[in-house]
1. Based on this model, can you work out whether Val75 counts as assigned to a strand (DSSP E or B) and either in contact with a strand residue (DSSP E or B) (Cβ under 7 Å, 6 or more places away or on another chain) or surrounded by 18 or more Cβ atoms within 10 Å (Cβ to Cβ) (or both)?
2. Given the residues Asp38, Asp62, which is the only one that is among the charged types (D, E, K, R) and under 19 Å from Thr14 (Cα atoms)?
3. When region 30-45 is examined, which residues are found to be exposed (fewer than 12 other Cβ atoms within 10 Å of the Cβ) and either under 16 Å from the mean Cα position of the chain (by Cα) or under 19 Å from Val122 (Cα atoms) (or both)?
4. Which of the residues belonging to region 89-123 are surrounded by fewer than 16 Cβ atoms within 10 Å (Cβ to Cβ) and closer than 16 Å to Val16 by Cα?
5. Cβ-Cβ under 6 Å, sequence separation 6+ or interchain: first residue in region 32-54 and at negative phi and assigned to a loop (DSSP other than H, G, I, E, B), partner among the β-branched types (Val, Ile, Thr) and at pLDDT 85 or above. Which pairs?
6. Based on what the data block shows, is Leu90 hydrophobic (A, V, I, L, M, F, W, C), under 16 Å from the mean Cα position of the chain (by Cα) and at pLDDT below 90?
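The values are calculated or read from the model by the stated rules, or taken from the named source; none is laboratory data. What you are looking at is a predicted structure, and each value in this text was computed from that prediction instead of being measured. Here the Cβ positions follow ideal geometry from the backbone for every residue, glycine too, while neighbour counts run over all protein chains shown.
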Amino acid sequence: MLDLILPTPLFRVTNVDRRVALRVWPLVQIAHPDVPQDEWLAYAKAIGSRRGKAGGAVAIEDARGYIHALFAWHVNRTITRRKAMRISDLVVGALPGKPLAAAIVAAIRSVASDAGADSVMVEIGDRQIPPDALLSDGFEQFVLSCLRIDKTQPAPD
């Protein structure tokens, strides 16, 4: 399914297995410095064990093998949709421009298509957004506000 070359030649997508989980660790450490490596590897192993049509985790890397983004996904049935895919644990490195966001959206669409999902929702903090919101102006500011520890701050418009 994966090791997909994305529309932009800068990035490709790969499933997160133990080997990839070790390469993803620096990105996870930057995003979640309080999570020890052994907990990350246990999480990656658990997510990897459900890889297939029901769920998994993918990383987006450049041609040099540097990981720039990560997300977990799972598909479940809902009352209103046949199959809904949820993207969670989205970790995105800081790169200027929109190529990385475009690569993430392309990866989400590819995984959703392979899984036969009818809808997709990206969970960031306690909010849910459609995948195309990743391409909107101000996305970085939105993500930072979603991940803010202080939940008393107002949500962005």
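1. Numbers: assigned to a strand (DSSP E or B): yes; either in contact with a strand residue (DSSP E or B) (Cβ under 7 Å, 6 or more places away or on another chain) or surrounded by 18 or more Cβ atoms within 10 Å (Cβ to Cβ) (or both): yes.
It is true that Val75 is assigned to a strand (DSSP E or B) and either in contact with a strand residue (DSSP E or B) (Cβ under 7 Å, 6 or more places away or on another chain) or surrounded by 18 or more Cβ atoms within 10 Å (Cβ to Cβ) (or both).
2. Working: Asp38 fails: under 19 Å from Thr14 (Cα atoms).
The conditions single out Asp62.
3. To start, the set of residues in region 30-45 that are exposed (fewer than 12 other Cβ atoms within 10 Å of the Cβ) comprises 30, 33-34, 36, 38.
Within region 30-45, Ile30 is the sole residue that qualifies.
4. Hits for region 89-123: nothing passes.
5. Going by the 6 Å Cβ cut-off, the qualifying pairs are Ala54/Val75.
6. Values: hydrophobic (A, V, I, L, M, F, W, C): yes; under 16 Å from the mean Cα position of the chain (by Cα): yes; at pLDDT below 90: yes.
Yes; evaluated as a whole, the condition is true for this residue.
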